[in-house]
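The values are calculated or read from the model by the stated rules, or taken from the named source; none is laboratory data. What you see is a predicted model; the values in this text were computed from it and never measured. We place every Cβ from the backbone using ideal geometry, glycine too, and count neighbours over all the protein chains shown.
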Amino acid sequence: MYIIFLKLHLFQVIMTLIEAFLKTKRVQKTLSTKPGEEGFSLIELVVVIAVLAILSAVAIPSFTNVQANARASAVQNGLVNGIKECFVKEAEGERTQFGDVVTFKSGNLDAFRGFTIAERDKNVNTCFAAKATSDADGSGNKLNADFEIYIDGDGVAIKTCSDSSKAGCKDDGLKDSDGNSKGTGKW
């Protein structure tokens, strides 16, 4: 008998809690909402999708340019760091051959994705001159400009690039015999 009383009392407590829950404003609002009054209309969804399509059409080419600029900046910084390291080696009385510079060692050259780093002139083994040659795509077209850096006879760093239309390369203003831009540049 006592167990039946406990079960009945437990049932009454549970029913009271459910009744209190159902009388809250939030639940009442949810229960009183009619079908079709919530959610988005088809026109609203189409407009949102159209806006997202336009934004992505504008953003994706910009993102591609950002990647190209980042690759060019990374390889340019690497070339400059190699030259600086060469000056430090010279000041410390160490050898200044191309392979003596940590930045230019063959194990570190993979850090410059999209480029091959090498001596500027294969006949002169010095770390005071280097070049970064852009890798080509499957069609043989270069993905980036080629970059070179060397120290001239006056100790000035000369930085050139092969294609002023590519990221990281500014037109140097040189013209051919017809007055057209050569397309080469500086960085």
Inset, instruction - Scan the helices (runs of 4 or more DSSP H) fully inside the range 1-103 and keep the ones with 2 or more residues being of a type in the set (G, A, S). - result: 42-91
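This table checks each residue for (1) touching a helix residue (DSSP H, G or I) at 6+ places or on another chain (Cβ under 6 Å); (2) without any contact (Cβ under 8 Å) to a residue 12 or more places away in the chain; (3) surrounded by 15 or more Cβ atoms within 10 Å (Cβ to Cβ); (4) not acidic (D, E).
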position	(1), (2), (3), (4)
N77	no, yes, no, yes
T133	no, no, yes, yes
E148	no, no, yes, no
G173	no, yes, no, yes
Inset, instruction - Go through the range 74-113 residue by residue and tally those that are of a type outside the set (D, E), modelled with pLDDT under 85 and under 16 Å from S134 (Cβ atoms). - result: 4
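The rows are residues; the columns are (1) within 30 Å of K186 (Cβ to Cβ); (2) touching a residue at least 12 places away in the same chain (Cβ under 8 Å); (3) not hydrophobic (A, V, I, L, M, F, W, C).
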site: L10; (1), (2), (3): no, no, no
site: E38; (1), (2), (3): no, no, yes
site: A53; (1), (2), (3): no, no, no
site: A57; (1), (2), (3): no, no, no
site: A74; (1), (2), (3): yes, yes, no
site: E92; (1), (2), (3): no, no, yes
Inset, instruction - Among the residues of the range 175-187, write down those that are β-branched (V, I, T) and in contact (Cβ under 8 Å) with a residue 60 or more places away in the chain. - result: none
Legend entry - Answer residue from the range 150-171, given it is aliphatic (A, V, I, L, M) and in a loop (DSSP other than H, G, I, E, B) and is surrounded by the most Cβ atoms within 10 Å (Cβ to Cβ) among those: A167
Inset, instruction - Could you tell me which residue of the range 139-149 is modelled with the lowest pLDDT, considering only residues that are of a type outside the set (S, T, N, Q) and more than 22 Å from the chain's Cα centre (by Cα)? - result: G140
Legend entry - Options S139, S134; residue that is touching a Phe, Trp or Tyr at 6+ places or on another chain (Cβ under 9 Å) and over 15 Å from I83 (Cα atoms): S134
